[in-house]
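Inspection log for the structure reproduced underneath, given as structure tokens.
The numbers here are math on the coordinates, done by the rules we state, and not lab data. Please read all numbers here as calculations on a predicted model, not as lab measurements. Cβ placement follows ideal geometry from the backbone for every residue including glycine, while neighbour counts extend to all protein chains displayed.
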Amino acid sequence: MTLQLPAKPSLQEPKPATPSPRRTKRRGGVSRFEHWLYLAPALIVLIALMGYPLFQLVNVSLYDYRQDQVSGNAPLDFIGLENYRTLMADPEFWQVLANTVIFASACVILTLVTGSALAVLATRLRPWVRNTLFAVSLGAWATPAVTGSAVWLFLFDPTQGLINKMLAGIGLSQFVDHSWTYEKWSAFGLVASEVVWCSFPFVMVTVYAGIQAIPTEVIEAARLDGASMPRIFSNIMLPMLRPIVIIVTIQSIIWNFKIFSQIYIMTSGGGIAGQNMVLNVYGYQQAFAASLYGLGSALGVIMTVLLLVITLVYLRLLKRSGEVL
Amino acid sequence: MKISRMLAVATLAALALTSCAPPTSNNAASTQDDKTGTLRVWLFSEVNQDPKSAVVNATIKEFEATHKDVKVDVQYIPVDTRAEKFKAAFNDPSSAPDVAEYGNTDLASYVAAGGLADITSSIKSWDEGKDLDPKVLATTALDGKNYGVPWFVGVRALYFRTDILKAAGVEVPKTMAEIETAARAVRAKNPGMLGISVGGKAQFSAMPYLWAHGGAIAADTNGTFSSKLDTPESQAGIAAYTNLMKDDICPAQTCAEFGGNASVQQFIAGKAGMTIGGDFNYKAIAASEFKDKFGVVPVPGVEAGSIAPAFAGGNNLGVFKSSKKSTLSNEFVQALASKKSQLAMFDAMGNLPTFTDVQKSVAEENPYVAPFIDTIAAGTNFVPITSTWSTVDAKGLFTNMYQQVVTGKADVPTAAKDTTAAMNKIFEAK
């Protein structure tokens, strides 16, 4: 197993009541910059690998930057926020944004619910059953998105797919030649199932590790007091798992808003007449397929800002509810 | 908070750099014209690569024998990722080839990107150049300048199952209306079969319907394009094509998502009575289980005896503007696109030649290509030759229109009107 956990990691870092004497002694003129020195390697790497591309993304989004401009065949014009204005005025963009929010939210919720439920279940299973469950779901997790999507598409193929054959086999004749990607929400549902299938294992393993770290005495005490399993989960486990749940939620939000491969492959680039378009596929279509690099960058910026805002709001809400971050 | 401080640093760094424009490259035509050295060539890789390589290698051997100190280095690039490859070559001329094969629908955007050299004069001075099919040669021209030599053409025709049509009691269709009635009869007789396998995404099957009804994708007035999809003629063509994707012919549930390949696959699998397929599909169909029970005719027009204008697909050979060996490049293009090489390519790959006289001789010796040659002779048509067409294509505007009608999301007038507006917006953005 790749996950190595200390025997009993404490989740809440004990706060030192008073600063240690060594640190106070060191507060001198030169050492005020000392922490920057330690941070420097990480900062340099971060700025080079993230700061610069991000800067270029914002920069490009302010230009009329198409293939003709890139290869030097047309003058490069600074157009300010024109790309953003074009997007805001485009009803298609709003439709795509709505699709993305609904689709991603559904994926996040389903992933978290499935992952947590199976994690709790795993604590109640015999070791060999649990290990089998883990091995199988890690297989799903390890499957590359492209392969997973292709296999799912095979299974749900209208004429040759196993699913339709099985459904027809048990007498549901409406599934003969039934196309799962024909209706908008049926197609989104199919893709969402694939997404949940390949991302719940991460949530499950992480939450399971968290549960294992909860001192058994606490749960035993609750059980002695007559608490039911759901009660133990919501009142004992969940509060103690908060830090872990926060991490997996933020990860899931970011991951699911950025879904690309699954939609691109399973709905062949955005569905019938573009009905299954999500932001990232839309951005790809604009930037790379249509060579509208400026417009595509503007979409990228909007995506980044959107994710930052969602994450910050989420952290803020947690802070207000009294969580130590 | 560390994060906010880091953001501040990043913002400062960004502000310091805002004066920099995003990078651009320089694709100025090279004044250098080397007569020796390595000539770099990009050709598309094929599913069945060996026969193509054999013809190309033979041409190279001959070329190297007549050109002292010249080496030809061929790279086969995948068709699917050609866009990235070509864009990278335009962005960094030092990694660009001298000669390349490219799809004729990509031409306008490559020219706009400044990547291709104008080779009009070299075609004019080429002794074989005058025999090139003028309609096909026109697909390589933008503003009266040729940016490539057509290497082969691909057109689509109507494939049908002789046994299935006979069992359904219908004749081989002679008009577009007869295609519809025949297809309906086929499906009525064989409920598990598609009457005719067409697709909501199969744009090159849809175009003959549009043109046969007198419609057009767009009109070109001195280089300014405007969409003509909402004219009554175009709408009639759109309606005629989408009428095929009804439950009693080719149900939308199945066919709305089909592209050209998928619809031909249904025919190859024996699940369709008819389909619109290309000459390049012939070998696969002739290798299917019903190999002696099918026929091909040109897609009929509205009137009996007429042929619907087909889309003139195909690939060109072009010279990169940044090439430092322009004379050599042009000579190699002419060697590879010569009558001799095209004949060899036809024998090896079944690619239809672009010379009128070669087409004729090939059709005489190989009866099966006759329907395709007849289709070419009857006159072909093409997508708007403007760089903005690749944007229209990438956004899928044209096929979205058909899919909207087929799935019942919009009726023909609404879909045509919306698509016309969206297309015009892109044409104007130039």
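Tabulated values for the structure
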item	result
Long-range Cα-Cα pairs in chain B (distance over 42 Å), rounded percent	21 percent
Antiparallel content of DSSP bridges confined to the protein assembly as shown, in %, to 5	70 percent
Nitroxide proxy distance, nm - points 7 Å out along Cα→Cβ at A:Leu308 and B:Asn48	5.6 nm
Point-charge dipole on Cβ atoms (K/R +1, D/E -1) for chain A, about Cα centre, debye to 20	1740 debye
Per-residue HN-Hα couplings for region B:184-192 [Karplus 6.51, -1.76, 1.60; θ = phi - 60°; Hz; x = Gly/Pro]	5, 5, 4, 5, 5, 7, 10, x, x
Label zone at B:Lys324 (point 7 Å along Cα-to-Cβ), backbone N below 15 Å, region B:96-131	B:96-99
Under-5 Å amide H pairs with B:Arg156, H placed in peptide plane, nonlocal only	B:Phe311
DSSP bridge orientation in region B:19-154 - percent antiparallel, rounded to nearest 5	15 percent
Förster radius 60 Å - calculated FRET efficiency between B:Asp33 and B:Ala188, Cβ distance, rounded to 0.05	0.35
Relative contact order for chain B, counting Cα pairs under 8 Å that sit 6 or more residues apart, in percent	25 percent
Expected 222 nm ellipticity per residue - DSSP helices of 4 or more, -39500 (n - 2.57), all of chain A, to 500	-20500 deg cm²/dmol
Sparsely packed GluC sites (Glu not before Pro) within region B:205-310, loop by DSSP, other Cβ within 10 Å at most 16	B:Glu289, B:Glu303
Under-5 Å amide H pairs with B:Lys71, H placed in peptide plane, nonlocal only	B:Gly37, B:Thr38, B:Leu39
FRET efficiency, B:Ala378 to A:Val129 (Cβ-Cβ, R0 60 Å, nearest 0.05)	0.30
Distant-in-sequence amide H partners of A:Thr159 (H built 1.01 Å from N, under 5 Å)	none
Lone cysteines, chain B (no partner Cβ under 4.7 Å)	B:Cys20
Distance in nm between pseudo-label sites at A:Lys258 and A:Asn235 (7 Å out along the Cβ direction from Cα)	4.0 nm
Efficiency of FRET between B:Asp143 and B:Lys291 - r from beta-carbon atoms, R0 35 angstrom, step 0.05	0.15
Derived scalar couplings ³J(HN,Hα) [region A:33-41; Karplus, 6.51 cos²θ - 1.76 cosθ + 1.60; whole Hz; x for Gly, Pro]	9, 4, 5, 5, 4, 5, 6, 3, x
Value of [θ]222 nm, deg cm²/dmol, for chain B, DSSP H segments ≥ 4, -39500 (n - 2.57) each, nearest 500	-13000 deg cm²/dmol
In Hz, Karplus ³J(HN,Hα) per residue of region A:79-86 (6.51, -1.76, 1.60; θ = phi - 60°; x = Gly, Pro)	10, x, 8, 4, 4, 5, 4, 4
Of B:Lys124/B:Lys145; B:Lys71/B:Lys339; B:Lys52/B:Lys293; B:Lys35/B:Lys61, pairs whose Cα-Cα distance is over 19 Å	B:Lys71/B:Lys339; B:Lys52/B:Lys293
Cα→Cβ-extended label distance, 7 Å offset, between A:Val113 and B:Tyr368, nm	5.6 nm
Charge context of B:Arg82, other residues only, Cβ under 12 angstrom, K/R +1, D/E -1	-2
Region B:184-298 - percent relative contact order, Cα under 8 Å, separation 6 or more	33 percent
